[in-house]
Amino acid sequence: MQFMDAVETQKTADFLKALGEFNRLSLVYNLCQCESSQNAMCLCDCCSVDASVVSRHLKTLAERGIVTFEKVGREKTYRLNREEVASQLRELADLIENRDCKRGCHDD
């Protein structure tokens, strides 16, 4: 396993920052429980926040690839991008668990 370069590090930082806000993480948790796409109003009910707050957070999550959306007419429905989220978390876990130093550092 190799260390992340600056681009990968920034992508991971943006991903974690998106998940690091309470309401966004609540949305992700709620979408984890859904088999089908959900509209913003349904997610408002689950998270007990205003529609404008949910919409803003869903936009951030979509920009980071954490959720995907489909627009039908004027309505957008959102779905957790399970593959991307799992991939990002798995990559980070692999880096954390990797104990072989590839950069010449050591445990002195």
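A search for C-beta distances below 8 Å between a residue of the range 46-71 that is farther than 13 Å from Asp14 by Cβ and in a helix (DSSP H, G or I) and any residue that is at pLDDT 95 or above and of a type in the set (Asp, Glu), counting only pairs 6+ apart in sequence or on different chains, returns His57/Glu21. Against the test of being within 10 Å of the chain's Cα centre (by Cα) and either at pLDDT below 90 or exposed (fewer than 14 other Cβ atoms within 10 Å of the Cβ) (or both), the options Leu25, Leu16, Leu61 yield a single qualifying residue, Leu16. Can you confirm whether Arg74 is closer than 16 Å to Leu19 by Cβ and either of a type in the set (Lys, Arg) or modelled with pLDDT under 95 (or both)? Judged against the criteria, Arg74 is not a match. Just one residue in the set Arg79, Arg90, Arg103 is closer than 21 Å to Glu8 by Cα, modelled with pLDDT of 90 or more and not aliphatic (A, V, I, L, M); that residue is Arg90.
Listed by first and then second residue, the pairs linking a residue in the range 1-20 that is within 14 Å of Leu89 (Cα to Cα) to a residue that is modelled with pLDDT of 90 or more and part of a loop (DSSP other than H, G, I, E, B), with Cβ atoms under 8 Å apart and 6 or more places separating them unless they lie on different chains, are Asp14/Arg64; Phe15/Arg64; Phe15/Gly65; Phe15/Ile66; Ala18/Arg64; Ala18/Ile66; Leu19/Ile66.
The values are calculated or read from the model by the stated rules, or taken from the named source; none is laboratory data. Since the model is a prediction, treat every value here as computed from it, not as a measurement. Heads up, the Cβs are rebuilt from the backbone with ideal geometry, glycines too, and the neighbour counts pull from every protein chain shown.
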